[in-house]
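Chemist: Following this message is one structure expressed as structure tokens.
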Amino acid sequence: MGKTYTKIEESIASWLSQQKMFFVSTAPLSQDGLVNCSPKGMDTFRMLGDRKVGYLDMTGSGVETIAHLKENGRIFIMLCAFEGAPQIIRFHGKVAVCEKGGSEYRDRIAAFEEYPGTRSIIEIEIDRISDSCGFTVPLYEFKEDRGTLLKWASAKGSDGVSEYQQDKNLKSLDGLPGLESKV
């Protein structure tokens, strides 16, 4: 049923631009390490080329994705149709983590709308693009993005978000390095 692609075709690009959420999965090299799968939302996902995508990584209670990516650079992204015809698109790739405040981040942020609480840009060079049916994915109607993270980050201010990141985002649950320490 599934098909692989050599690039993100126009029909896929059009479909991607309509999706309201996506899932990011990473894993450390250690077999004892924790596999991570994170749902992502808001208007944070971008096509950056016919074999390149990226997303804004927002501040969270953990830093598993960034820590795994810094260790091994491997990522998996999946998008599912929750409205309309069933479809699933999967991207496997290698990553650049561009932390806020760095020159790589400044070079890439123009492709995104920067939100309070943004901590990095994750840029993916895609090795494999595939689709599958999604026949068992349920239909959901999109109501709205949650404003919780943006309200939290705005209330904390950039210094407060930075302090939170220093407290919660320097190491993963497995003890891998996360964000660079700014202290």
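Chemist: Of the residues that sit in segment 18-53 and are farther than 29 Å from Gly147 by Cβ and of a type in the set (Asp, Glu), which one is modelled with the lowest pLDDT?
Modeler: Checked segment 18-53; the qualifying residue modelled with the lowest pLDDT is Asp32.
Chemist: Could you tell me whether segment 85-94 includes any residue that is at pLDDT 95 or above, under 30 Å from Ser154 (Cα atoms) and crowded, with 18+ Cβ neighbours inside 10 Å?
Modeler: Within segment 85-94, none of the residues are at pLDDT 95 or above, under 30 Å from Ser154 (Cα atoms) and crowded, with 18+ Cβ neighbours inside 10 Å.
Chemist: Among the residues in segment 47-64, are any surrounded by 20 or more Cβ atoms within 10 Å (Cβ to Cβ) and out of contact with any Ser or Thr (no Cβ under 8 Å at 6 or more places or on another chain)?
Modeler: The answer is yes; a qualifying residue exists.
Chemist: Do we have Asp127 as more than 19 Å from Leu56 (Cα to Cα), surrounded by fewer than 14 Cβ atoms within 10 Å (Cβ to Cβ), under 19 Å from the mean Cα position of the chain (by Cα) and touching a residue at least 24 places away in the same chain (Cβ under 8 Å) here?
Modeler: yes
Chemist: Do we find a residue being out of contact with any strand residue (DSSP E or B) (no Cβ under 7 Å at 6 or more places or on another chain), small (Gly, Ala, Ser), buried (at least 16 other Cβ atoms within 10 Å of the Cβ) and touching a residue at least 60 places away in the same chain (Cβ under 8 Å) anywhere in segment 103-122?
Modeler: no
Chemist: When segment 146-165 is examined, which residues are found to be exposed (fewer than 14 other Cβ atoms within 10 Å of the Cβ) and either polar (S, T, N, Q) or closer than 30 Å to Glu83 by Cα (or both)?
Modeler: Matches in segment 146-165: Arg146, Gly147, Thr148, Lys151, Ser158.
Chemist: Looking at Phe23, is it closer than 23 Å to Gly134 by Cβ, in contact (Cβ under 8 Å) with a residue 40 or more places away in the chain, surrounded by fewer than 15 Cβ atoms within 10 Å (Cβ to Cβ) and in contact with a Ser or Thr (Cβ under 8 Å, 6 or more places away or on another chain)?
Modeler: Taking the combined requirement at face value, the residue satisfies it.
Chemist: Next question. I'm told Phe82 meets every condition in (1) assigned to a strand (DSSP E or B); (2) touching a Phe, Trp or Tyr at 6+ places or on another chain (Cβ under 6 Å) except one. Can you identify the failing condition by its number?
Modeler: (1)
The values are calculated or read from the model by the stated rules, or taken from the named source; none is laboratory data. Everything numeric in this text was worked out from a predicted model, so none of it was measured. Backbone-built Cβ (ideal geometry, glycine too); neighbour counts: all protein chains shown.
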